[in-house]
Amino acid sequence: MTEGNLRPILLVEDDSSDANLLCRAFEKAHVLNRVIHLPSGDEALGYLAGVKEYADRTLYPLPALILLDLKLPGLTGMQLLQWKRAHENVRRIPVVVLTGDKDPQTVAAAYDLGANSYLVKRAKSSEILTMVKAIDQYWVKLNEDPLLVTGADAGG
Amino acid sequence: MPEAPVLLVEDDPADVRLIQRAFGKLPDMIKVIRLTNGDEAVSYLAGDAPYENRGTHPMPRVVLLDIKLPRRSGFEVLEWLRRQTTAIKRLPVVMLTSSRHSVDINRAYDLGANSYLTKPDTASQLEDLALRFQEYWLSLNELPDLHTGPTAKAPR
C-alpha cells in the first residue's frame, strides 16, 4: 500500500445521471477511496489549485486519480488537461478520460495533452461495474503513484 | 489482420522468462515481441533496419518498458518516442521495472509514461499483473489510432 492509494478519486462529470451511476458502481465494487464528484471543469480546477474551501487539504486531499469527462460546461476537459500539465504539484496525477466521444481525433488530442488513458462511457450498469472494478484494480491497486509535491510537504 | 502485439523491452533473461510465462497463461493469446536494449526499441519503433517490414515487425499496441537497459535507457526511449512528429508519439507506454524510487517514478511520468508498474516478487503476482494489464490496456482502454495524422484537431 502506498500513501497515494488512499487519496480520493476525483470524478469530473456534468451529467448527474452518469455521475450517479458511476458513484453507485464505485460503492458496489467496494472501492475504499472516497469518490469526490465535481460537476464542471472550473470546479475541478478550483479543487486541484486549492482555491477557497479546497485549500483545506485535510478535507480535500489531492486525488490519486482523476476521471475526466471532456464535454463540460465552462472549462472543457481538454482545457483542464492543458492547465494541469502546466502545474507542477498536480501534473503527474494520472488522468483517465471518461467520455462518450470515440472519435479518433478526440482520442489523439487527449493523449497529446497528457491523458494517461482514455475510456469510453458504458451504458449498461453491469458494464459500468466491470469498468469501475478495472479502474480500481489497475490505477488504485497496481499502478505506482507519483510523489506529489503538496503545500504541506513543501512547507516542511 | 491479427491483433497488434505488445512490445516488451527488457534485458534480463530471467525477467523475460517470467513475464512471458505470465502472459502465456492469459486466457487470450497475446503476442509479445521482446527486445533487449533501448537502441533496438528505437529502431523497431522507427521501422529502421532490420525492422522495416511492418508485416513481420508490426507496430505494437502498447510498450512495456524497463528503465535500466543497455545502450539507451528506458527513459531515453520514452523521450525519443514522445518527441516524434508522427502518430507513434502517442503509443501508450507502461514502465515495468524493479525501481520503486519516487525519483524514477516521477521522471517517467514527466517524460510521458502512461503508467508505472513495478515487477512483483512472485510468479503468481506477475500473473495477476499480466491479467490486469491485459484487461485494462488491451481491452478496456481506447488506444490512439497510430495511423491518424500527426496533428490532432482540438475538439470544438
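Miscellaneous remarks
- Cleavage-rule hits (GluC sites (Glu not before Pro)) in segment B:66-146: DSSP loop, at most 13 neighbouring Cβ within 10 angstrom: none
- Computed over segment A:1-49, the Cα gyration tensor eigenvalues convert (square root of 5λ each) into semi-axes of 19, 17, 4 Å, ordered from largest to smallest.
- Cα pair count fraction exceeding 26 Å, expressed as % - chain A: 20 percent
- Computed over chain B, Kirkwood Rh from alpha-carbon pairs, angstrom: 16.0 Å
- The alpha-carbon positions of segment B:47-137 define a convex hull whose volume is 126 Å³ per residue.
- Taking segment B:1-102 and dividing mean pair separation by its residue count, relative contact order in percent (alpha carbons under 8 Å, at least six apart): 31 percent
- Placing unit charges on the Cβ atoms only, positive for Lys and Arg and negative for Asp and Glu, gives segment B:6-140 a dipole magnitude near 260 debye about its Cα centre.
- Taking 1.002 mPa s as the viscosity and 20 °C as the temperature, the Stokes-Einstein diffusion coefficient of the protein assembly as shown based on its alpha-carbon Kirkwood radius rounds to 107 µm²/s.
- Cβ-derived FRET efficiency at R0 35 Å, B:R17 paired with A:K28, nearest 0.05: 0.35
- Straight-line cross-link partners of B:K89 among the lysines, defined as a Cα under 26 Å from its Cα and at least 8 positions apart when in the same chain: A:K71, A:K84, A:K102, A:K121, B:K31, B:K68, B:K119, B:K153.
- When only the Cβ of Lys, Arg, Asp and Glu is charged (+1, +1, -1, -1), the dipole of chain A relative to its Cα centre reaches about 300 debye.
- For B:D121 and A:N20, the FRET efficiency from 1/(1 + (r/R0)^6), where r spans their Cβ atoms and R0 equals 35 Å, is about 0.30.
FYI, it's all coordinate maths here, none of it is from the lab. Since this is a predicted model, take the numbers as computed values, not measurements. Glycine gets a Cβ as well: all are built from the backbone with ideal geometry, and neighbour counts include every protein chain shown.
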